[in-house]
Amino acid sequence: MGCAASMYRVGGNKKPMNIPLVTIFTPSLRIPIDSSFQKPLKGLVPNGLIDRLTYSRNQVALLTNQTDVSGVPELLRVLEDYLSLLVGLTDQELGFRELVEFKWRSLDDGRQEICVADSWFELLSVVHMMAMLTLIQANSKLIPDQTDTSETVESTDKIRCAVDLLVKAAGYLHFCLREILVKLPQDIKMELPLDLQENVIEAAYIQALGQGTEMQLASAVESKNATLSVKRRLACEQLSYFSQAHCCLSTCDNLNGCGKKHLSFLKWKYLEAKAAAYYYHGLITDKGTEPSCHISAVCCFLAAEEILTESKKACLNFCLTVPITRAPVAWGAMKHLNKKIPEIAARKSQMYAYLLEEEKSLEVLPELPEFELSLKAEEYEMADKDGAWDSENWKIPNQTLKMHLTDDEEDD
């Protein structure tokens with residue numbers, strides 16, 4: 001998963017039989033590997049609490065390697081349970097923040113591991129993983145039958161569920177930006193892998209909202225009650241989201257294979273949104289009575305047609321960028337626009353050819369309107385610190401320095 005955004009197994013132990021199909025892109029996925037709580041916390045934290053931390057983290061690793069997409073809700077529940085224990089290690093008063101070394105491995109490159117002795121890094125990694133798993137869930141809602149990748153789902157319920165998951169994933173990522181990254185010292189932030197760096201997380205956060213807006217536009221296109229103004233607004237908002245996300249990611253240096261694929265995905269979606277925005281803006285402009293309105297409308301339709309062609313090339317580039325994926329058959333707004341944009345562009349160009357000939361000075365592509373972005377992330381509130389961290393209830397056996405050193409030697 002991650003760059004392999006639609007693999008059938010979360011842990012990726014078995015390679016998928018088919019090239020994964022992507023509707024909602026998951027930029028990356030990182031999983032925990034062996035880390036020891038016993039040695040650094042022995043004598044400082046009750047053994048029962050150490051055992052719970054160890055068991056909870058091991059459960060995350062175990063489920064990650066065994067579950068498929070249907071098991072993601074259970075994995076998310078285990079991650080939430082682990083967080084309530086983990087947050088105690090970040091408590092400044094307890095002073096345990098830098099005692100444990102936390103190890104994680106990227107699924108995109110199994111050899112890429114990182115080890116950081118900072119519980120805020122562990123917190124960042126866990127919440128980021130929750131965001132990626134939620135994006136994977138959202139993708140699966142629109143591709144329910146992984147054995148038939150030609151099937152697409154456009155039911156209102158599926159789209160609404162995907163939007164809910166996208167705003168939840170955005171909430172996790174926003175929490176990473178607002179509450180966790182700011183706690184990490186600069187030297188650790190400099191060493192973070194690409195997918196955990198601020199600009200990449202911000203791009204993923206904005207992308208989730210952009211794809212949520214894309215789903216809303218898909219519903220509007222299918223609705224008889226949605227006006228042209230609503231469709232134009234959603235297309236323009238979608239364009240703004242993907243423009244911002246692309247800008248965030250393009251500022252990153254040394255983008256790796258998965259980073260390049262993420263950037264190519266954002267470019268593809270940006271171009272699709274731009275084509276849709278010009279199409280709907282053209283339809284509204286064409287309702288005017290002045291010749292300049294019709295000329296502007298034709299300019300919009302021709303621009304939409306040209307951008308649509310570019311978006312198809314960008315889609316192919318995304319799919320062929322390693323790791324290779326497949327895009328779904330055109331659905332939602334694009335299923336409609338792939339047909340309508342060329343038709344309208346050709347018809348309106350012929351209809352107003354005489355105006356274009358007479359008023360060449362008016363052939364200027366109009367600026368698209370700007371709208372306040374309406375889709376917001378679902379605010380994430382992390383679970384409270386587990387009650388076991390209440391130091392007043394701790395009963396730790398007295399241990400001399402000599403005994404502690406002896407235990408360390410035995411552990412070695």
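General observations
- Taking the criterion of being basic (Lys, Arg) and either under 21 Å from residue 78 (Cβ atoms) or modelled with pLDDT of 95 or more (or both), the only residue of the stretch 142-168 that qualifies is 168.
- Filter result (under 25 Å from the mean Cα position of the chain (by Cα) and either surrounded by 22 or more Cβ atoms within 10 Å (Cβ to Cβ) or touching a residue at least 24 places away in the same chain (Cβ under 8 Å) (or both)) within the stretch 293-318: 307, 308, 310, 311, 314, 315, 317, 318
- Where helices (runs of 4 or more DSSP H) fall wholly inside the stretch 266-381, the ranges with 3 or more residues that are under 30 Å from residue 255 (Cα atoms) and not aromatic (Phe, Trp, Tyr) are 291-320.
- For the stretch 79-93, the set of residues classified as within 15 Å of residue 386 (Cα to Cα) and out of contact with any Leu (no Cβ under 9 Å at 6 or more places or on another chain) consists of 80, 81, 84, 91, listed by residue number.
- Positions within the stretch 215-240 being assigned to a loop (DSSP other than H, G, I, E, B) and among the hydroxyl-bearing types (Ser, Thr, Tyr), in sequence order: 223, 227
- Residue check for residue 255: closer than 26 Å to residue 307 by Cα and not in a helix (DSSP H, G or I): yes
For every residue, the table says whether it meets (1) at pLDDT 85 or above; (2) over 30 Å from residue 169 (Cβ atoms); (3) within 33 Å of the chain's Cα centre (by Cα); (4) exposed (fewer than 10 other Cβ atoms within 10 Å of the Cβ).
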residue	(1), (2), (3), (4)
349	yes, yes, no, no
360	no, yes, no, yes
375	yes, no, yes, no
381	yes, no, yes, yes
385	yes, no, yes, no
395	no, yes, no, yes
398	no, yes, no, yes
402	no, yes, no, yes
409	no, yes, no, yes
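- Test result for residue 62, modelled with pLDDT of 75 or more and crowded, with 21+ Cβ neighbours inside 10 Å: no
- Total residues in the stretch 94-129, condition surrounded by 20 or more Cβ atoms within 10 Å (Cβ to Cβ) and within 21 Å of residue 387 (Cα to Cα): 7
The values are calculated or read from the model by the stated rules, or taken from the named source; none is laboratory data. The structure displayed is predicted, hence computed values, not measured ones. Every residue, glycine among them, receives a Cβ derived from its backbone with ideal geometry; neighbour counts consider all protein chains shown.
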